[in-house]
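The next block holds one structure in the form of structure tokens; read it before the comments.
Laboratory data are not the source of any read-out in this text; all were calculated from the coordinates shown. Everything numeric in this text was worked out from a predicted model, so none of it was measured. Here Cβ is always computed from backbone atoms with ideal geometry, including for glycine, and neighbour counts include all displayed protein chains.
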Amino acid sequence: MTDSPATQPRLTGATVLVTGGAGFVGSAIARRLAAPDVGARVVALDNLRRHGSELNVPLLAAAGVEFIHGDVRSADDLALGGRAIDLIVECAAEPSVLAGYGGGSRYMVESNLGGVANCLELAREQGAKMLFLSTSRVYPVAQVNALAVRETETRFALVEQPGVAGASAEGIAEGFALAGVRTLYGATKLAGELLVAEYAAYDVESVVTRFGVISGPGQMGKVDQGVFALWMARHVFGGELQYQGWGGAGKQVRDVMHIDDACDLLLAQLAQWPAVVGRTWNAGGGRVNSLSLLETTALCTEISGTRRGASSDPETHPSDVRVYITDQRALSAALAWTPRRSPRQVLGDLHTWMTANETMLAPVFRP
């Protein structure tokens, strides 16, 4: 399905730098920007630290994307030898919500926060626009977990939240409170958002998007990041499923956005730049595209034809969130945009990708 002119930018002749460009989201948006119907000259920069990201390098080359093995922590790497850059898509991050709990946080802080500072300086020097990919994890854990829910047979469900700004049965909107403790990952991304806002004083035009869970083909899911990909991988490659926290029943809920919907959204933002510039937006699958772990297991079983047992650990980690659903009505109204792909398509596309590339992906996913 081809996007309408209102959601499809033409970037012929523009040079775009995608940081984290061999990662799941970065490689997908880099390839999409380089496609003939968009027409950008795309450079993807990545340090290949995450296991599996090296598998995306040949895909980038096949799409006409130039790959540079570099690091956002290095301003020299980002400078690309002085080439002119028109747009920076900042996807580079250490995305683990558990990072720092059992060890040091230096890499996360230097990459997530120092990296965006380097990108902003480059944007200021070059007069480039910037898309900054942030996260729903900027919202404090305790405040999210204090939201009223009802428990059903398969999930915890948000109800209306009278008197709570930015929260409703539709999920969490941009006006939700930010005061409180989150995770080191969320803290570094929120600090990055603040830096982005400050650089408006230097005429750097930017858009911040707080994404919920993004998933789909190409995601090397792990326990602490990419749960939907991990869940399908367990059904394809084997390994234990575990419902962890909140009583160990698997009723915690996330909304999920297909990677193709995320790419469509970023293109829509570029195509309708005046409608979104200088703002922070929430984006995700929304309530209609949400699943509990228990529901995810059932859907993975149906799609894969493989049944996996699940163990339970009732202990709730300090970073665990019971329910997070994105209220993206503001963004939908601004762009006349909404996700088109369902959780069933997300998981079905993951299954197709994993089974078609089983030999290549086995070293990444097999326990």
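General observations
- Ranked for footprinting exposure by Cβ neighbours inside 10 Å, fewest first, H317, H51, H351 give H51, H317, H351.
- Note on E302 and A148: their simple-model spin labels are 3.1 nm apart, each label 7 Å out from Cα toward Cβ.
- By the count of neighbouring beta-carbon atoms within 10 Å, fewest first, D76, D349 end up ordered D76, D349.
- 15 Å beta-carbon shell around E240, net charge (K/R +1, D/E -1): +4
- Of all DSSP-defined beta bridges confined to segment 212-367, some 30% are antiparallel rather than parallel.
- Cβ-based net charge around V208, under 13 Å, with every Lys or Arg adding one and every Asp or Glu removing one: -1
- Inter-label distance, nm, simple model (7 Å from Cα along the C-beta direction), V164/F237: 3.6
- Loop sites by DSSP among the GluC sites (Glu not before Pro) of the chain, restricted to those with at most 14 other Cβ atoms within 10 angstrom, leave 1-152 as the longest stretch without any of them.
- Separation of alpha-carbon centers, segment 258-279 and segment 283-343, rounded to whole Å: 22
- Rh by Kirkwood over Cα pairs, then Stokes-Einstein D for the chain at 1.306 mPa s and 10 °C, µm²/s: 76
- Karplus-derived 3J(HN,Hα) values for segment 315-320, using 6.51 cos²θ - 1.76 cosθ + 1.60 with θ = phi - 60°, are 6, 9, 6, x, 8, 6 Hz; glycine and proline are entered as x.
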